[in-house]
Amino acid sequence: MNYTNDEKILKIVESFPFQGELVEIKPTGSGHINSTFLVTCTDSNINYQYILQLINPNVFKKPDELMSNVMNVTGFLRNKIILDGGNPERETLTFLYTKDNAPYYKDENGACWRAYNYIGNCMTYDKVDEPIKMYRSAKAFGVFQKRLADYPIDNLFETIPNFHNTPARYDAFKEAIENNLSGRLEDAKEEIEFALSRECDASKLTDMIKTGDLPVRVTHNDTKINNVLFDKITNDAFCVIDLDTVMPGLSLYDFGDSIRSGAVTSDEDEKDLDKFNLDVNLYNAYAEGFLCEAAESLTQNEVDNLVFSAKLMTLECGVRFLTDFLNGDVYFKTDYPEHNLVRCRTQFKLVREIEAHYDEMYKTTAELYRRALLEK
Ligand code: ADP
Ligand code: GN1
Ligand code: MG
């Protein structure tokens with residue numbers, strides 16, 4: 001769909017200092033949360049492009065806090081990138097104030113819109129088809145975490161409280177079963193049973209935080225593979241985007257969520273479960289790239305729980321999709337009524353497959369860690 005003549009959107013576009021005359025506004029990306037548009041303008045035959053994003057108000061209740069995190073984190077990264085001799089215009093997001101000098105534009109319905117410079121010649125992958133791409137995204141997320149290692153953690157707002165608190169996700173799930181708001185309980189019996197059978201795993205990492213056995217760091221928390229930009233020409237992964245959930249968290253959340261979304265043979269919403277499997281080669285490639293950047297800074301407890309984190313993040317995501325299915329699709333964007341259930345099924349299949357390959361993955365990870373340390 002083309003929104004170029006949509007008066008409501010035109011008004012929003014006008015509130016930002018975009019250069020030149022508007023040419024086109026079209027939707028882009030496949031994120032489940034925000035609505036994203038690519039805006040093209042032209043000035044003296046040169047095109048200028050911007051990302052315009054509607055911040056999902058059901059998910060992000062405090063846009064000022066959200067934008068404060070985004071501004072501070074991108075500003076901090078910018079300095080680090082310059083110190084590293086990199087290009088800050090490409091290696092992190094550059095967001096734009098409105099003409100009124102506000103970090104977002106509030107439309108007549110109270111919805112908040114923000115804008116970034118569009119980073120050109122890039123692409124994202126919803127599905128990774130080669131180990132080298134996993135390796136490169138792992139390095140990009142590893143560098144991201146390294147650059148934020150000394151970010152003042154107390155400066156960050158918790159944009160979504162308890163985001164990776166798996167026991168809290170289970171509480172919400174059980175409430176959804178109880179309420180059965182969508183009347184869909186009967187359609188999800190098997191999935192509910194599966195989720196409950198794995199509840200014993202839910203609190204392992206949060207318990208380790210409480211006992212001080214895992215360090216809380218500044219983490220991304222939504223390290224889906226399509227949240228990394230790849231250069232169209234060199235195919236290098238050069239920029240981590242979608243910074244809305246940068247918050248205090250565990251390095252394991254970031255590792256685990258990338259495996260969940262990337263080390264698989266088909267899309268997150270594949271209906272044919274025979275096509276959706278764990279790809280151990282993609283796992284190994286990610287683990288190698290991640291350890292290459294992070295081995296020295298990780299604690300032994302973190303290393304020992306890398307495979308577990310992949311399983312837990314997958315279980316948690318499956319439980320979240322299932323909860324949303326039971327609640328009537330109020331959180332994730334869906335294209336059809338069973339979409340969340342379909343997504344939940346792929347996640348639970350992946351949990352089973354990680355369990356089946358656990359020992360082998362654990363051994364390879366330990367070996368990759370040993371090698372990464374030797375190479376330093
Ligand atoms: P969501 O929270 O909905 O996932 P994202 O911030 O990840 O939203 O943006 C959705 C998609 O838009 C990304 O996967 C990417 O393809 C594209 N995108 C977002 N920001 C930029 C940018 N600054 N430059 C180029 N592409 C971008
Ligand atoms: C959402 O925004 P997006 O599509 O990158 C979600 C993640 C889930 C993911 C599942 C803020 O990520 O937590 O893991 O969908 N983001 C938020 O695909 O809830
Ligand atoms: Mg995204």
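Starting at the first residue of the stretch 256-270, write each ³J(HN,Hα) from the Karplus equation 6.51 cos²θ - 1.76 cosθ + 1.60 with θ = phi - 60°, in whole Hz, x for Gly and Pro. So the Karplus estimates, Gly and Pro as x, are x, 6, 5, 5, 3, 8, x, 8, 9, 8, 8, 5, 4, 10, 5 Hz. Amide H to amide H, with H built 1.01 Å from N, Y48 comes under 5 Å of C41, T42, D43, counting only residues 5 or more places away or on other chains.
In plain terms, if you count all Cα to Cα distances in the stretch 69-170 and split them into 10 Å steps from zero, the share in each step is 11, 30, 38, 19, 2 percent.
Give the separation of the Cα centroids, the stretch 19-46 to the stretch 109-131, in Å. Comparing the Cα centres of the stretch 19-46 and the stretch 109-131, I get a distance of 11 Å.
Order of 10-19, 335-344 by packing, highest average Cβ count within 10 Å first? The partial results should precede the final answer.
Working: 10-19: 16.3, 335-344: 18.6.
Taking the mean over residues of other Cβ atoms within 10 Å, the ranking is 335-344, 10-19.
First check a/c for the chain, with a ≥ b ≥ c the square roots of the eigenvalues of its C-alpha gyration tensor; if it is under 1.5, answer rounded, and if not, answer prolate when a/b is larger than b/c or oblate otherwise. It comes out oblate by the Cα gyration axes.
What percentage of the solvent-accessible surface of the stretch 7-120, computed with a 1.4 Å probe over protein heavy atoms, is contributed by carbon and sulfur atoms?
Carbon and sulfur atoms account for 47 percent of the accessible area of the stretch 7-120.
Rg of the Cα atoms in the stretch 7-120, relative to 2.2 N^0.38 Å, amounts to 1.08.
Can you sort T314, T364, T124 by 1.4 Å-probe accessible area, starting with the largest?
Numbers: T314 0, T364 45, T124 65 Å².
Putting T314, T364, T124 in descending order of accessible area: T124, T364, T314.
Over 30 Å apart at the Cα level, from the set K8/K333; K232/K349; K62/K232, are K232/K349; K62/K232.
Share of the stretch 131-375's accessible area from carbon and sulfur, percent, 1.4 Å? Display every interim value, and only then the final one.
Details: 4760 of 10010 Å².
Accessible surface attributable to carbon and sulfur in the stretch 131-375 totals 48 percent.
Take each of the peptides 231-239, 142-150, average the number of other beta-carbon atoms within 10 Å over its residues, and list them starting from the highest. It would help to have the intermediate numbers written out before the result.
On the way: 231-239: 15.7, 142-150: 18.6.
Top of the packing list down: 142-150, 231-239.
Most tightly packed first, judged by the mean number of other beta-carbon atoms within 10 Å of their residues, the peptides 89-98, 171-180 read 89-98, 171-180. Residues of the stretch 337-376 with an amide N closer than 13 Å to a point placed 7 Å from the Cα of T265 along the Cα-to-Cβ direction: 350, 353. Comparing T36, T28, T159 in a Gaussian network model of the chain where C-alpha atoms under 10 Å apart are linked, the largest mean-square fluctuation is found at T28. Among K311, K133, K99, the largest mean-square fluctuation in a Gaussian network model of the chain (Cα springs under 10 Å) belongs to K99.
For Y105, the accessible area of its heavy atoms, probed at 1.4 Å with every protein chain present, is near 50 square angstrom.
Averaged per residue, the chain has 45 square angstrom of accessible surface, using a 1.4 angstrom probe with ligands and nucleic acids left out.
Annotation: aspartates and glutamates with alpha-carbon distance below 15 angstrom to K80 (same-chain offsets under eight excluded): E89, E91, D150.
The values are calculated or read from the model by the stated rules, or taken from the named source; none is laboratory data. This structure is a prediction, so every number in the text was calculated from the model and none was measured. Glycine also receives a Cβ, built like all others from the backbone with ideal geometry; neighbour counts cover every protein chain displayed. Accessible surface areas use protein heavy atoms only, side chains included; no ligands, DNA or RNA. Shrake-Rupley method; radii C 1.70, N 1.55, O 1.52, S 1.80 Å.
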